[in-house]
């Protein structure tokens, strides 16, 4: 990043694209997203973006601004500053986020920073992890007579927040970044009246070659998940009960 700051500023800021990289598999990024990556001059990318995705923008300067729960990561204010600094020095800047940038991607802070600096931007959606997980499992998130609604949530709190966020009341619950909070989530749901034998599927590294699927009940999740090194998505609800597959 230091080398970037030595470049002269442009007369007018360049364009910024917030692109969703999808859940991990390189062929699950959108056609538009892949095309823009091949034209980018600099790419600021998250920790969940895979090396295979980054190969699509091998011509660009790559800046890691990774954010992973429980690990040392780049502060959001610093990411905002870096994004503005790049836009002031390059014509085509990409902010690359895992999944979809508009879902648990802190996009609001970055869009606000760009708007405050009068920098133009576009957003390119990505396939969010929950949809990739449902496809990989051949397990719909809704089911006639069983599940008519779905809620996406995370228990990750902002700095300074002390209370756990309220859990949604929905037929199918999808918890992003759910590995560390699995025990607490399960206990809170059971305490709120969710049956302890409710179906749970926890998936590590969705859509990647090392994807791991863990099936259990809510009571079993209350005892903890197996140790996971990669990102974990937790899916809860009777629509996820294993189907009688005919293939």
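Give me the Kirkwood hydrodynamic radius of the stretch 129-240 in Å, from all C-alpha pairs, to one decimal place? The partial results should precede the final answer.
On the way: mean 1/r = 0.0707 Å⁻¹.
The answer is 14.1 Å.
On a 0 to 90° scale, report how tilted helix 76-87 is relative to the longest principal axis of the chain, with both axes built from alpha carbons and the result rounded to the nearest 10.
40
Give the relative contact order (percent, whole number) for the chain; include only Cα pairs under 8 Å separated by 6+ residues.
Dividing the mean separation by the residue count of the chain yields 20 percent.
Suppose we keep just the DSSP beta bridges with both residues in the chain; what percent of those would be antiparallel, to 5? Mind dumping the intermediate values first?
On the way: 16 of 38 bridges.
Given both bridge residues lie in the chain, the antiparallel proportion sits at roughly 40 percent.
Please compute the Cα-Cα pair-distance distribution of the chain with 5 Å bins starting at 0, giving whole percents from short to long.
1, 6, 13, 16, 17, 14, 11, 9, 6, 4, 2, 1, 0
With the Cα gyration tensor of the stretch 1-93 giving a ≥ b ≥ c as the square roots of its eigenvalues, does the rule (a/c under 1.5 for rounded; else a/b larger than b/c for prolate; else oblate) give rounded, prolate or oblate?
Verdict is oblate for the stretch 1-93.
Among bridges DSSP assigns within the stretch 2-124, what percent are antiparallel (round to 5)?
Bridges in the stretch 2-124 are about 5 percent antiparallel.
Share of antiparallel DSSP beta bridges in the stretch 129-240, in percent to the nearest 5?
Bridges in the stretch 129-240 are about 80 percent antiparallel.
Compare 195, 23, 125 in a GNM of the chain, Cα atoms joined below 10 Å, and give the one with the largest fluctuation.
195
Could you tell me the relative contact order of the stretch 129-240? Use alpha-carbon pairs under 8 Å, at least six residues apart, and round to a whole percent.
33
With the crude spin-label approximation of a point 7 Å out along Cα→Cβ, what separation in nm comes out for residue 112 versus residue 220?
So the two model labels end up 4.2 nm from each other.
Take peptides 215-224, 28-37, 115-124, 88-97 and line them up by average Cβ neighbours within 10 Å, highest first, as a rough protection proxy. Before the final figure, lay out each step's value.
On the way: 215-224: 16.1, 28-37: 18.2, 115-124: 14.4, 88-97: 23.3.
Descending mean neighbour count gives 88-97, 28-37, 215-224, 115-124.
We did not get these values from a lab; they are worked out from the coordinates using the rules stated. Remember, predicted model here, so these are calculated numbers, not experimental data. Methodologically, a virtual Cβ is constructed for each residue, glycine included, from the backbone with ideal geometry; neighbour enumeration extends over all protein chains shown.
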